[in-house]
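I'd like to ask some things about the structure below.
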Amino acid sequence: MMQTRRARKARSRSAFITSVYRSRAVPTFYIKTYGCQMNERDSEQVAHSLIDRGFKRVQDETQADVILLNTCSVRDMADQKALGKMGMLGRIAKTQPHTVFGFLGCMAQARGASLLREVPHLDLVVGTQKFHRVADYVEEALAHKHAALVERASRRMDDPRFSIVDTEEENGSQASIRDQPLDPKQATAFVSIMQGCNMHCTFCIVPRTRGAERSRTIAEIVTEIRALVDRGVKEVTLLGQIVNLYGRHEFPWRNFSSGDPQDTNLRHQQSPFVQLLEAVHAIDGLQRIRFTSPHPIGFREDLIEALGRLPKLAEHIHFPLQSGSDRILRAMHRPYTAGKYASLVQRIRAARPGIAITTDVIVGFPGETESDYQATRDLVAAIDFDNAFIFRYSPRRETPAATMLDQISEETKEIRNQDLLTVVNASARRAHQRLVGTRQEILCEGPSKTNAARLMGRTRTNKVVVFEGGREKVGEILDVAIARANGFSLYGEPVG
């Protein structure tokens with residue numbers, strides 16, 4: 001009986017997918033991603049799962065039967081952008097009532113069913129642990145809407161409200177779906193190595209939206225990357241909320257020199273993250289490895305030493321600072337000092353000369369005085385980052401910082417934000433100017449976003465380079481002579 005029911009369900013799904021829907025051979029979907037690389041990777045998984053079911057991806061939301069927004073909740077602006085976009089899509093709901101609309105990801109996890117009350121045409125709310133179920137929910141929603149429209153046209157019933165809200169935590173969403181062939185010119189890929197965070201910074205909602213730390217095995221990650229390399233990928237970026245704390249409570253540490261698991265002195269031991277880096281580094285055909293984002297407490301001696309001896313590790317680290325004031329760092333629950341951070345930067349630069357370091361900084365955290373801000377400004381100027389993301393503090397519901405006293409006015413936040421940007425922009429221009437007249441190794445990623453007639457790629461230090469060339473160079477590594485710097489891009493000519 002169970003087999004018959006499953007067969008009937010499979011035939012029903014197949015009939016739906018192969019039917020002519022909206023005068024097209026296959027149903028279509030559009031997905032827009034907000035936020036970090038982790039969200040980009042999650043969107044990729046959803047896209048692969050839908051393509052595997054017979055859907056076609058489109059770049060125009062007006063041509064889609066399914067519209068999905070993968071959301072971010074780290075800052076209020078990200079929430080508002082996604083809500084605003086979904087509100088604008090209401091015009092499509094009025095003219096195309098069969099279209100399915102869904103929120104995925106962090107905002108969906110944090111707000112849950114309340115989103116249905118805010119957005120009348122919303123059908124799906126799917127949290128961060130259920131990306132592997134999105135295709136099932138989409139098919140169910142499309143089938144329901146199609147049936148309701150047919151019945152309403154026959155005047156047998158009104159179109160009832162249909163919605164799926166699923167934000168319950170469930171394992172299984174980390175493993176990538178890579179069954180569909182990649183673009184033959186795709187040279188880079190994101191690979192999730194862990195989910196969640198145990199740090200509980202007072203400003204951050206991630207532990208609530210992503211859950212506690214949990215890591216994939218080294219063997220599973222290596223298998224995925226080998227398959228990517230076999231399909232032409234030359235560079236992978238390892239992703240985790242705090243990527244260098246990978247496996248710290250789940251997998252064994254080992255002795256630096258002897259491999260003796262009985263050595264309990266962590267200064268003499270190699271972390272699971274460095275063990276993972278070594279395993280990935282050994283994959284034939286892989287040429288570059290990046291990881292993001294690390295935490296200062298995870299930058300132990302073994303990781304700094306690895307930066308100096310593993311040549312496939314790209315010369316770029318995104319290393320969040322958040323504040324240059326020790327008092328504010330304590331209030332943020334960031335367990336390091338400004339001095340400790342600066343010392344780590346010095347050691348990283350000594351281990352890998354020429355490495356580019358970028359960072360995140362929050363201005364206007366509750367209680368931040370002018371002297372606290374000045375300490376941050378001075379440290380950012382002294383370190384001379386290659387670039388930085390400056391954020392005005394944004395209160396997030398159910399985080400400790402949201403209820404702290406001495407909240408800073410938006411006017412003060414904006415003044416500090418603009419002032420610090422002048423420091424960062426000057427530093428970034430210097431970093432770009434230093435490369436003018438040099439030859440840089442570029443991994444060509446495709447057409448330039450600002451001029452499709454040109455190509456763009458990234459240096460090992462993660463600088464964008466725009467250059468002339470034919471499409472045969474896409475996906476290839478080549479040398480480019482840097483001729484000039486303009487804003488935050490470099491321009492050059494291929495060599496040889």
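The values are calculated or read from the model by the stated rules, or taken from the named source; none is laboratory data. Computed from a predicted structure; not experimentally measured. Note that each Cβ is placed from the backbone with ideal geometry, even for glycine, and that neighbours are counted across all protein chains shown. Side chains included, ligands, DNA and RNA excluded: accessible areas come from the protein's heavy atoms. Shrake-Rupley method; radii C 1.70, N 1.55, O 1.52, S 1.80 Å.
Could you identify the single residue in Gly446, Gly437 that is touching a residue at least 24 places away in the same chain (Cβ under 8 Å) and open to solvent by 50 Å² or more (accessible area, probe 1.4 Å)?
Selected residue: Gly437, the only one of Gly446, Gly437 that is touching a residue at least 24 places away in the same chain (Cβ under 8 Å) and open to solvent by 50 Å² or more (accessible area, probe 1.4 Å).
Give the residues of the range 449-460 that are under 27 Å from Val229 (Cβ atoms) and either open to solvent by less than 10 Å² (accessible area, probe 1.4 Å) or touching a Phe, Trp or Tyr at 6+ places or on another chain (Cβ under 8 Å) (or both), sorted by residue number.
Residues satisfying the conditions are Leu455, Met456, Gly457, Thr459.
Quick one: would you say Asp372 is part of a strand (DSSP E or B), within 25 Å of Arg396 (Cα to Cα) and open to solvent by 10 Å² or more (accessible area, probe 1.4 Å)?
Considered against the rule, which asks whether it is part of a strand (DSSP E or B), within 25 Å of Arg396 (Cα to Cα) and open to solvent by 10 Å² or more (accessible area, probe 1.4 Å), Asp372 comes out as no.
Are any of the residues in the range 461-479 of a type in the set (Phe, Trp, Tyr), open to solvent by less than 40 Å² (accessible area, probe 1.4 Å) and assigned to a strand (DSSP E or B)?
Checking the range 461-479: at least one residue is of a type in the set (Phe, Trp, Tyr), open to solvent by less than 40 Å² (accessible area, probe 1.4 Å) and assigned to a strand (DSSP E or B).
Can I ask one more? Output the residues belonging to the range 340-365 that are farther than 13 Å from Gln322 by Cα and part of a loop (DSSP other than H, G, I, E, B).
Listed by number, the residues that qualify are Arg352, Pro353, Gly354, Ile355.
Which members of the range 369-405 meet the condition of being among the acidic types (Asp, Glu), farther than 27 Å from Ile317 by Cα and at pLDDT 95 or above?
Hit for the range 369-405 is Glu370, nothing else.
Results for (1) over 24 Å from the mean Cα position of the chain (by Cα); (2) over 21 Å from Thr358 (Cα atoms), shown as yes or no for each residue.
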{"site": "Gly437", "(1), (2)": "yes, yes"}
{"site": "Ser448", "(1), (2)": "no, yes"}
{"site": "Ala453", "(1), (2)": "yes, yes"}
{"site": "Thr459", "(1), (2)": "no, no"}
{"site": "Val466", "(1), (2)": "no, no"}
{"site": "Gly470", "(1), (2)": "yes, yes"}
{"site": "Gly475", "(1), (2)": "no, yes"}
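Among the numbered criteria (1) of a type outside the set (Ser, Thr, Tyr); (2) open to solvent by 10 Å² or more (accessible area, probe 1.4 Å); (3) under 28 Å from Phe291 (Cα atoms), which single criterion is violated by Val363?
(2)
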